[in-house]
Amino acid sequence: MWTCVKLFIVFIILTQKVQKSIGFFPQFAPFVEKLIKNKADYIVERRAYLREYDFIIVGSGPAGCVVANRLTENPNFNVLLIEAGTVETLVEQVPLFAPYEFLTRYNWGYLAERQPYSCLGLKDQQCGFPRGKALGGTSVINGMLYTRGFKEDFDEWVRLGNYNWDYYETVLPAFKKSEKARLKFYHKPEYHNTSGLLGVSHNPHQTPITKIFMDANKLMGLDEIDYNSDDNIGVAHLQANTLKGRRHSAYKAFIEPFLHRRNLHIMLNTRVTKVLIDRVTRVAYGVELLRKKRRQKFIARREVILSAGTFHSPQLLMLSGIGPREDLEKIGVEVIHDSPVGKEMYDHISFPGLMFTTNLTNPSAPMLEIKNLVKMMGNFLHGKGYATVPNGVESLAFIQTPTFNAPNERLPNIELILLTLVPHSDNGHAVRNSERMSDWLYDSVYRPLEGETTYSFLIVISLLHPKSVGYMKLRDRNIFSPPKFYSNFFKEPEDVESILEAIKYTFYLINTEPFKNINARLHNIPIPTCKHLNFGSDDYWRCAIRTWCVSLHHQTATCKMGSTRDAVVNSELKVYGVKKLRVIDTSIIPNSPSSHTNAASFMIGEVGADLIKKDWQRQRQTWYNYYH
Ligand SMILES: Cc1cc2nc3c(=O)[nH]c(=O)nc-3n(C[C@H](O)[C@H](O)[C@H](O)COP(=O)(O)OP(=O)(O)OC[C@H]3O[C@@H](n4cnc5c(N)ncnc54)[C@H](O)[C@@H]3O)c2cc1C
Ligand SMILES: *[C@@H]1O[C@H](CO)[C@@H](O)[C@H](O)[C@H]1NC(C)=O
Ligand SMILES: *[C@@H]1O[C@H](CO)[C@@H](O)[C@H](O)[C@H]1NC(C)=O
């Protein structure tokens, strides 16, 4: 009952009317959170901390949570898990609310540097680079889409010298080890596990657009696939990290059920500022941190593990003296090891600019009308209805466009994402604010549709293997300064052309019978800054792509794994140049995978934990042999 009241209050607050009388929503968000803040922080932290631990894990994203869980299976290991954020609340668990999470304290809220090639229609022409700051990391705020990537993606890891990451031997078993599959539509059981910890579900609710989208894609020649198997090209119902209609974060899956373990200590609201490294022996022996405004040191007897994510693991390495010599010297950090940290950064840029309207009545539109909200929340509490749809995403299609120079004929270069949560669904809150859309763009293109009672949908085009590669570096030596991110999105014009080809595919798709039956039409108000170009011409779309584009937040490779000189960690995730220090998170992914990166972060955690266990087992045996 109390739950219901809380959710209701939150919804009321989200509505346009109340917002207008109180002011701007983002400023109001902290108040909403205080209102519903639970006692979880206290429960999670109730331990007397020690000075020394066997393992110190920095950051509790999916990878960090998995490692903490697997290492504390062994009662002889004690583990300190340190997290800068706090515990999620019920609001975080409503799958449809994912985009609202950008505006909360669970987001680090970084921005990429402004560049002339992309994000021109966003606020200050800067792409948003959000990141989770919570127990559970980004899995507490992300879109929950569960896509693992294909065998061909991981074959590339092996080709780069990571021989122990064979798909069938290591990677697939690790995916399966985590998974608690609840898949009711088409899937291949041999690629899934129903008895793991992490919920993977098909959406309990579908709008009618899903079936139409799938049928249309089949008419275009695609098969219905399980994209988390050996099928690569095709269309599929979304698989997501939800369980019974709620978000299943890394915290929910890997930490909450194990809080009784006495060898797992967790610190929240605590920022690690540095890895302690002995300058002579080059052994990492602990961390320095800031907690309740006090600087403290904790010692790791066996290893320090950085799982601070793709922005903060490189940040911590660099502040601890491991990074590009020239850059570190410029900002006054003493260099311990010259290493290409942050030199590469891949990401998936996407084009959300194709919106289609239909003549099909949408029972939950307009979304913020009180009666619709109340109904939606009532259904959510029973694990049903539109509020259970992760981020508003219902279906995915993986395709190859004609000019894609595929290293392998089975590798897709484009992902189409069917999104039924559109910018005007909630009068310009979720999608518009989370994507930093400029007011002039929203007001001219989407506002005219506010209050509409029929379905509209987006087909978001995401580029999986961009030619343009970004990089990051530190602004200065202050840990509280946001790093500088240079995305380089669309620096290579080829990337724009690939998206243009996918736009053409989408137009064929919309012209098939299933879409014609609901009178699906391209929303054709032009983007103001591209108006001078003929609407619908190739040049118009090129302009639109560079103007209205967003990152899907899949940054990788900032602590690249490999055996060549561009690598930061080796294939056992050990940092080159220092001992007893590993990086275990998405920053080690050495390429741009064909997938979103959340599934991979769990998998990397599983593999990383196994590598650690194996090492320390071997060590024990060596001592044993020595003494006996
Ligand atoms: C908005 C958004 C939506 C996304 N949607 C999807 C999706 O739908 N599907 C998908 O597959 N992927 C998605 N992703 C990507 C995916 O969620 C991430 O790649 C993945 O969760 C990263 O996991 P990780 O373990 O590498 O680290 P993270 O999740 O980044 O966790 C790192 C943790 O370390 C903590 N930390 C950092 N520095 C410090 C420090 N100095 N001291 C203490 N703690 C620290 C952080 O607070 C954070 O909690 C999305 C990402 C974003 C940002
Ligand atoms: C399924 O998950 C359980 C629990 O993690 C694990 O013990 C089992 O080995 C997994 N099965 C497969 C096939 O990976
Ligand atoms: C929607 O449009 C299609 C195609 O024009 C038409 O056949 C159908 O009757 C329309 N339905 C409604 C509810 O207007």
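The values are calculated or read from the model by the stated rules, or taken from the named source; none is laboratory data. Just so it is clear, the model here is predicted, and its values are computed rather than measured. As a convention, Cβ positions derive from the backbone with ideal geometry for all residues, glycine included, and neighbour counts pool all protein chains shown. We work out accessible area using only protein heavy atoms, side chains counted, and drop any ligands, DNA or RNA first. Shrake-Rupley method; radii C 1.70, N 1.55, O 1.52, S 1.80 Å.
Could you pull out which residues in region 395-422 have an amide N less than 13 Å from a spot 7 Å beyond the Cα of F185, following the Cα-Cβ vector?
The answer is 395-398, 417-420.
Work out Dmax and Rg for region 39-137 from the C-alpha atoms and quote the Rg first, both in angstrom.
17.5, 55
Taking the Cα-to-Cβ direction at K330 and at N76 and moving 7 Å from each Cα, how far apart do the two end points lie in nm?
Distance between the two pseudo-spin positions: 4.8 nm.
Keeping the other protein chains in place, figure out the carbon and sulfur percent of the accessible area of region 460-569, with a 1.4 Å probe.
48
Restricting to DSSP loop positions (anything but H, G, I, E, B) with no more than 16 other Cβ atoms inside 10 Å of their own Cβ, which chymotrypsin sites (Phe, Trp or Tyr not before Pro) remain in region 453-557?
Loop-located and lightly packed - F480, F535.
If you take the square roots of the eigenvalues of the alpha-carbon gyration tensor of region 380-432 and sort them as a ≥ b ≥ c, do you get rounded (a/c under 1.5), prolate (a/b over b/c) or oblate?
oblate
May I ask you to order 410-417, 55-62 by the average number of other C-beta atoms within 10 Å around their residues, highest value first?
Peptide ranking by packing, descending: 55-62, 410-417.
Mind checking the angle between helix 309-319 and the chain's longest principal axis? C-alpha axes, 0 to 90 degrees, to the nearest 10.
40
Taking only Cα atoms, what is the 0 to 90° angle, nearest 10, from helix 598-627's long axis to the longest principal axis of the chain?
10
How much accessible area per residue does region 265-323 have, counting only protein heavy atoms and a probe of 1.4 Å, in square angstrom?
Per-residue value: 36 Å².
Exceeding 21 Å between C-alpha atoms, which entries from my cross-link table qualify? They are K180/K614; K244/K375; K330/K579; K184/K244; K176/K218.
Among K180/K614; K244/K375; K330/K579; K184/K244; K176/K218, the Cα-Cα distance tops 21 Å for K180/K614; K330/K579; K176/K218.
Largest first and to the nearest Å, give the Cα extent of region 398-516 along each principal axis.
Per principal axis, max minus min of the Cα coordinates gives 56, 41, 20 Å.
May I ask for log10 I(q)/I(0) of the chain at q = 0.10 Å⁻¹, from a Debye sum over the Cα atoms as equal point scatterers with solvent left out?
Log10 of I(q)/I(0), two decimals: -0.87.
Taking region 489-628, how much of its Cα-Cα pair set, in percent, is spaced more than 18 angstrom apart?
Looking at region 489-628, the distances longer than 18 Å represent 71 percent of pairs.
Check T454: other-chain or 5+ apart residues with amide H under 5 Å from its amide H, H built from backbone geometry?
Excluding prolines and chain starts, which carry no amide H, the hits are N362.
Could you work out how far helix 2-14 tilts from the main Cα principal axis of the chain, as a 0 to 90 degree angle to the nearest 10?
Roughly 60 degrees, rounded to the nearest 10.
Rg/Rh for region 99-209: what does it come to with C-alpha atoms and Rh from Kirkwood?
For region 99-209, the value is 1.06.
Going Cα to Cα from K491, which lysines come in below 19 Å? Please leave out same-chain ones fewer than 8 positions away.
K491 reaches K343, K467, K473.
Tell me which trypsin sites (Lys or Arg not before Pro) from region 529-628 have a DSSP coil assignment and no more than 10 other beta carbons within 10 Å of their own.
Filter output for region 529-628: R565.
What distance in nm lies between label points placed 7 Å from Cα along the C-beta direction at W440 and T454?
My value for the distance between the label points is 3.1 nm.
Under the 0.36 nm per residue contour assumption, what length would be gained going from the current alpha-carbon distance of D124 and K484 to full extension?
Result: 128.0 nm gained on full extension.
If you wrap region 267-356's Cα atoms in a convex hull and average its projection over all directions, what's the area in nm²?
If you wrap the Cα atoms of region 267-356 in a convex hull and average its projections, you get 9.4 nm².
Just the ratio, please: alpha-carbon radius of gyration of region 168-298 over 2.2 N^0.38 Å, N its number of residues.
1.55
Are there any trypsin sites (Lys or Arg not before Pro) in region 283-346 that are in a DSSP loop and have at most 13 other Cβ atoms within 10 Å? List them by number.
Answer in residue order: K292, K293.
Return the Rg/Rh ratio of region 218-374 with Cα-based radii and a Kirkwood Rh.
1.12
So if the hydrodynamic radius of region 460-506 is defined as the Kirkwood radius over C-alpha pairs, what does Stokes-Einstein give as its diffusion coefficient at 25 °C and 0.890 mPa s, in µm² per second?
194
Sort the following peptides by mean Cβ neighbour count (other Cβ atoms within 10 Å, averaged over residues), highest first: 592-600, 155-163.
592-600, 155-163
By DSSP, what percent of the beta bridges with both residues in the chain are antiparallel, rounded to the nearest 5?
So the antiparallel bridges in the chain amount to around 65 percent.
Going out from 0 in 5 Å bins, what whole percent of all Cα-Cα distances in region 310-439 drops into each bin?
Answer for region 310-439: a P(r) of 2, 8, 11, 13, 10, 10, 11, 11, 10, 7, 4, 3, 0 percent.
log₁₀ I(q)/I(0) of region 447-556 at q = 0.24 Å⁻¹, via Debye over equal Cα point scatterers, no solvent, to two decimals?
For region 447-556 at q = 0.24 Å⁻¹, log10 I(q)/I(0) is -1.41.
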